[in-house]
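J.: The structure under discussion is supplied below as structure tokens; questions concerning it will follow.
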Amino acid sequence: MKVRTLAAVVFLGPVVAGLMISCSGPPKGELERKVSSRASPGSFRTAGVTTVFERRCGTLDCHGNPARNMRIYSARGLRLPNEAGIGPGAGQTSLDEITANYQSILTLEPEITNAVLDGEDPYTMLVVKKPLEIEKHKGGPAIRKGDDAETCIVSWLKEDRENPVDVGACSRAATFPKL
């Protein structure tokens, strides 16, 4: 019996140690983090990209619904719980709600989003394909090919130092519905 136990320890010891090492991450501070200027959270807010998503996609019967995997919060729709008790139709969209929108949009398809942030085609992302109805969208077309909303969103996903977000397109697209 002792021979079996000794054999098990001799055999399993290195296996367990190997598994522990292979499953551990790099020491703190050694993670490589890629920082992209594309689709930045700052321009999402300041250029008005969030407002385009809020107005075009954030109604209570669409992505302003807690049952949706991509939720859009806004002053006019779904609100994050808040101490002030502000509900739909009151106040401004909060910074927390804008942050939640940003995270909701960019984490919908993490691998595809990372590829787009590395320079791949933004039209591979559901947040572009669905509202344009390149891919089936239950809510129908939320934006039209060539309109300011498309220009705003795609310019945000492609932004870099030489190609900033088209703030004019975002501003015009945020006026929705057109009067």
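The values are calculated or read from the model by the stated rules, or taken from the named source; none is laboratory data. Because the structure is a prediction, the values reported are computed rather than measured. Every residue, glycine among them, receives a Cβ derived from its backbone with ideal geometry; neighbour counts consider all protein chains shown.
J.: Only one of these is in a loop (DSSP other than H, G, I, E, B) and either surrounded by 15 or more Cβ atoms within 10 Å (Cβ to Cβ) or modelled with pLDDT under 90 (or both): ARG33, ARG55. Name it.
T.: Result of the check over ARG33, ARG55: ARG33.
J.: Residue by residue through the stretch 110-150, note down the ones that are closer than 19 Å to ALA39 by Cα, small (Gly, Ala, Ser) and either part of a loop (DSSP other than H, G, I, E, B) or touching a Gly at 6+ places or on another chain (Cβ under 9 Å) (or both).
T.: GLY119
J.: Residue pairs, Cβ under 8 Å, 6 or more apart or interchain, first in the stretch 123-135 and closer than 16 Å to SER155 by Cβ, second among the polar types (S, T, N, Q) and surrounded by 15 or more Cβ atoms within 10 Å (Cβ to Cβ). List them.
T.: Once the first residue is closer than 16 Å to SER155 by Cβ and sits in the stretch 123-135, its partners that are among the polar types (S, T, N, Q) and surrounded by 15 or more Cβ atoms within 10 Å (Cβ to Cβ) give MET125/THR113.
J.: So, one more: Being surrounded by 15 or more Cβ atoms within 10 Å (Cβ to Cβ), within 14 Å of LEU157 (Cα to Cα) and of a type in the set (Ser, Thr, Tyr) is the filter here, so list the residues in the stretch 86-121 that pass it.
T.: If the condition is that a residue be surrounded by 15 or more Cβ atoms within 10 Å (Cβ to Cβ), within 14 Å of LEU157 (Cα to Cα) and of a type in the set (Ser, Thr, Tyr), then TYR102, THR113 are the ones that fit.
J.: Considering only residues of the stretch 75-110 that are small (Gly, Ala, Ser) and touching a residue at least 24 places away in the same chain (Cβ under 8 Å), which is nearest to THR124 (Cα to Cα)?
T.: Here the answer is SER104.
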